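Scroll down for the structure; my scribbles are underneath it.
The values are calculated or read from the model by the stated rules, or taken from the named source; none is laboratory data. Just so it is clear, the model here is predicted, and its values are computed rather than measured. Cβ: placed from backbone, ideal geometry, glycine included. Neighbour counts: every protein chain shown. For the accessible areas, the whole protein counts, side chains as well, though only heavy atoms, and no ligand, DNA or RNA atoms are used. Shrake-Rupley method; radii C 1.70, N 1.55, O 1.52, S 1.80 Å.
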Amino acid sequence: RALRRVYVPEPGMFFLEVDASQGEDRIVKCLTQSARLVARAKLAPWENDEHVRAAHVIWPDLPITPERRYLGKRARHAGNYGLMGLKLSEELLKDGVVVAPDEAQGFIDSVIDKDTPEVRDWQQRVRGTVMRDRAITNSWGQIWDFQWERLNDDLYRQAYACVPQSELVNLVNHYGLVPLDKWLRASRMRTVLHHQNHASLL
């Protein structure tokens, strides 16, 4: 991400990046099958910002700054994928943000237990599927085979992430990248598709 700053568009051109708004979290909410969370997942970005909501849960009496929203976002994702405070603390350090592991664990527990406890039930179903089938499949038919893997928390965390992350990439590629590429070729515009970054196109 830091390296991308050295690139500039050609004269008379500009970079435009479109992003799937809170895509992974929306998919996790739908996977919980909770009517309450599915309804939230369907709201437009200007109607509901889950990362602001997470920050409000962590700091109910403080104004939500961009830094607090960012920490809410990271705590939400960590909770969705079963990460613990130590791992979140280490990940935040990569961005130059210092948060003690026990404080990071408090962020995760607050967001999941107070706001989206249904995520824990979904995670339990994922663990059950991995134990029973030693595999997990997304709606596109992609299969992750865990037949020879040791059943442990690391494997379950990997399994939690498989479906939401792959669903989002497939949605971006099939309903974004492929149609956009076809349209750009047909229209003969000078526009060039430069980069697919998981949930965004540049």
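Looking at the stretch 165-175 only, could you name the residues that are touching a helix residue (DSSP H, G or I) at 6+ places or on another chain (Cβ under 6 Å) and open to solvent by less than 20 Å² (accessible area, probe 1.4 Å)?
Leu168
Criterion first (touching a helix residue (DSSP H, G or I) at 6+ places or on another chain (Cβ under 6 Å) and over 20 Å from Pro164 (Cβ atoms)) does Leu92 satisfy it?
On the way: touching a helix residue (DSSP H, G or I) at 6+ places or on another chain (Cβ under 6 Å): no; over 20 Å from Pro164 (Cβ atoms): yes.
It is false that Leu92 is touching a helix residue (DSSP H, G or I) at 6+ places or on another chain (Cβ under 6 Å) and over 20 Å from Pro164 (Cβ atoms).
For the condition under 30 Å from Ala2 (Cβ atoms), in contact (Cβ under 8 Å) with a residue 60 or more places away in the chain and aliphatic (A, V, I, L, M), what is the one hit in Ala161, Ala104, Ala100? Talk me through it step by step, then tell me what you get.
Working: Ala104 fails: in contact (Cβ under 8 Å) with a residue 60 or more places away in the chain; Ala100 fails: in contact (Cβ under 8 Å) with a residue 60 or more places away in the chain.
So the residue among Ala161, Ala104, Ala100 that is under 30 Å from Ala2 (Cβ atoms), in contact (Cβ under 8 Å) with a residue 60 or more places away in the chain and aliphatic (A, V, I, L, M) is Ala161.
Could you list all residues from the stretch 2-39 that are in a loop (DSSP other than H, G, I, E, B) and either acidic (Asp, Glu) or under 17 Å from Asp121 (Cα atoms) (or both)? Spell out the reasoning first.
Step one: list which residues in the stretch 2-39 are in a loop (DSSP other than H, G, I, E, B), which gives 2, 7-17, 20-22, 32-34.
Of everything in the stretch 2-39, those that are in a loop (DSSP other than H, G, I, E, B) and either acidic (Asp, Glu) or under 17 Å from Asp121 (Cα atoms) (or both) turn out to be Glu10, Glu17, Thr32, Gln33, Ser34.
Got at least one residue in the stretch 96-117 being surrounded by fewer than 18 Cβ atoms within 10 Å (Cβ to Cβ) and touching a strand residue (DSSP E or B) at 6+ places or on another chain (Cβ under 9 Å)?
Step one: of the stretch 96-117, the residues surrounded by fewer than 18 Cβ atoms within 10 Å (Cβ to Cβ) are 96-98, 100-103, 106, 109, 113-114, 117.
Subsequent filtering for residues that are touching a strand residue (DSSP E or B) at 6+ places or on another chain (Cβ under 9 Å) retains none.
No, the stretch 96-117 has no match at all.
Hey, among Gly79, Gly96, which residue is at positive phi and of a type outside the set (A, V, I, L, M)? Let's see the steps before the verdict.
Details: Gly79 fails: at positive phi.
On inspection, the qualifying residue turns out to be Gly96.
Name the residue, out of Arg132, Arg120, Arg125, Arg150, that is among the basic types (Lys, Arg) and under 23 Å from Gly72 (Cα atoms). If you could, list the steps in order and put the result at the bottom.
Working: Arg132 fails: under 23 Å from Gly72 (Cα atoms); Arg125 fails: under 23 Å from Gly72 (Cα atoms); Arg150 fails: under 23 Å from Gly72 (Cα atoms).
Result of the check over Arg132, Arg120, Arg125, Arg150: Arg120.
Return a yes/no flag: does the stretch 74-87 have any residue that is surrounded by 19 or more Cβ atoms within 10 Å (Cβ to Cβ), at pLDDT 95 or above and in contact with a His (Cβ under 7 Å, 6 or more places away or on another chain).
Step one: list which residues in the stretch 74-87 are surrounded by 19 or more Cβ atoms within 10 Å (Cβ to Cβ), which gives 74-83, 85.
Remaining after also requiring at pLDDT 95 or above: 74-83, 85.
Retained after the next criterion (residues that are in contact with a His (Cβ under 7 Å, 6 or more places away or on another chain)): 76.
Within the stretch 74-87, one or more residues are surrounded by 19 or more Cβ atoms within 10 Å (Cβ to Cβ), at pLDDT 95 or above and in contact with a His (Cβ under 7 Å, 6 or more places away or on another chain).
Just the residues that are modelled with pLDDT under 95 and either farther than 30 Å from Leu193 by Cα or open to solvent by 50 Å² or more (accessible area, probe 1.4 Å) (or both), please, taken from the stretch 17-46.
Glu17, Val18, Asp19, Pro45, Trp46
Within the stretch 138-164, restricting attention to residues that are closer than 14 Å to Val28 by Cα and touching an Asp or Glu at 6+ places or on another chain (Cβ under 6 Å), which residue is surrounded by the fewest Cβ atoms within 10 Å (Cβ to Cβ)?
Among them, the one singled out is Asn138.
Which ones in the stretch 140-154 are in contact with a helix residue (DSSP H, G or I) (Cβ under 7 Å, 6 or more places away or on another chain) and closer than 19 Å to Gln124 by Cβ?
Initially, the stretch 140-154 is screened for residues in contact with a helix residue (DSSP H, G or I) (Cβ under 7 Å, 6 or more places away or on another chain), giving 140, 142, 144, 146, 149, 151.
Matches in the stretch 140-154: Trp144, Phe146, Glu149, Leu151.
Working only within the stretch 47-64, note down all residues that are among the acidic types (Asp, Glu), touching a residue at least 24 places away in the same chain (Cβ under 8 Å) and open to solvent by 30 Å² or more (accessible area, probe 1.4 Å). Talk me through it step by step, then tell me what you get.
Narrowing the stretch 47-64 to residues among the acidic types (Asp, Glu): 47, 49-50, 61.
Filter once more, keeping what is touching a residue at least 24 places away in the same chain (Cβ under 8 Å): 49-50.
Selection gives Asp49 alone.
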